[in-house]
1. Do you know which residues across region 104-150 are part of a loop (DSSP other than H, G, I, E, B), under 18 Å from residue 71 (Cβ atoms) and in contact (Cβ under 8 Å) with a residue 12 or more places away in the chain?
2. If you check residue 48 against the conditions, is it out of contact with any helix residue (DSSP H, G or I) (no Cβ under 7 Å at 6 or more places or on another chain) and under 21 Å from residue 157 (Cβ atoms)?
3. Given 7, 89, 77, which one is over 21 Å from residue 142 (Cα atoms), assigned to a helix (DSSP H, G or I) and modelled with pLDDT of 90 or more?
4. For region 94-102, does any single residue satisfy the condition of being in contact with a helix residue (DSSP H, G or I) (Cβ under 6 Å, 6 or more places away or on another chain) and in a strand (DSSP E or B)?
5. Among 84, 155, which is exposed (fewer than 11 other Cβ atoms within 10 Å of the Cβ) and in contact with a strand residue (DSSP E or B) (Cβ under 9 Å, 6 or more places away or on another chain)?
6. Just checking, does region 46-64 include any residue being over 30 Å from residue 135 (Cβ atoms), surrounded by 10 or more Cβ atoms within 10 Å (Cβ to Cβ), within 42 Å of the chain's Cα centre (by Cα) and modelled with pLDDT under 90?
7. Could you tell me which residue of region 121-134 is surrounded by the fewest Cβ atoms within 10 Å (Cβ to Cβ), considering only residues that are out of contact with any helix residue (DSSP H, G or I) (no Cβ under 6 Å at 6 or more places or on another chain) and under 21 Å from residue 100 (Cα atoms)?
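The values are calculated or read from the model by the stated rules, or taken from the named source; none is laboratory data. Keep in mind the model is a prediction, meaning the values are calculated, not measured. Because the Cβ atoms are built from the backbone with ideal geometry, glycine has one as well, and the counts that use them run over all protein chains shown.
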């Protein structure tokens, strides 16, 4: 019996190609495009971004949370974020500020109310937590701020 191996190889290759082609055609026909992935998977260009809206209340929360995090986990950074004049009059030294922070309780800082005031070149967020503690964030840009922990030690605006 003389079998032609080339003939059988070609037949097997054709069968494999038919099955692979059928698989891709069936998967393409049953693809679910109703989930809206096209926009999410868009190929963005360089420097292209998706705009998002952040409210003034959200910004006040962000400043409060950022500063509270620094107070309890990077006290030196929190001290350096204090306004220079305020820092000198209120605390005088990093050790005095550390003593002040040691007397505070981390879990009590939740935004209760806030206000926003535009001044010459600055935006000031006055923030009150649920325990009545006051923070003023004098912002120069997003997360570029100095802090006042009261409104009577120095003039904020």
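1. Just the residues of region 104-150 that are part of a loop (DSSP other than H, G, I, E, B), to begin with: 104-105, 109-110, 120-121, 130-133, 142-143, 149-150.
Subsequent filtering for residues that are under 18 Å from residue 71 (Cβ atoms) retains 104-105, 109-110, 130-133, 143, 149-150.
Within region 104-150, 104, 109, 110, 130, 131, 132, 133, 143, 149, 150 qualify.
2. Numbers: out of contact with any helix residue (DSSP H, G or I) (no Cβ under 7 Å at 6 or more places or on another chain): yes; under 21 Å from residue 157 (Cβ atoms): no.
The answer is no for residue 48.
3. On inspection, the qualifying residue turns out to be 89.
4. no
5. Numbers: 155 fails: in contact with a strand residue (DSSP E or B) (Cβ under 9 Å, 6 or more places away or on another chain).
Selected residue: 84, the only one of 84, 155 that is exposed (fewer than 11 other Cβ atoms within 10 Å of the Cβ) and in contact with a strand residue (DSSP E or B) (Cβ under 9 Å, 6 or more places away or on another chain).
6. So far as region 46-64 goes, no, none of its residues is over 30 Å from residue 135 (Cβ atoms), surrounded by 10 or more Cβ atoms within 10 Å (Cβ to Cβ), within 42 Å of the chain's Cα centre (by Cα) and modelled with pLDDT under 90.
7. 132
Residue by residue, here is whether (1) at pLDDT 95 or above; (2) closer than 20 Å to residue 77 by Cα holds:
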residue	(1), (2)
108	no, no
113	no, no
118	no, no
129	no, no
132	no, no
136	yes, yes
140	no, yes
147	yes, yes
150	no, yes
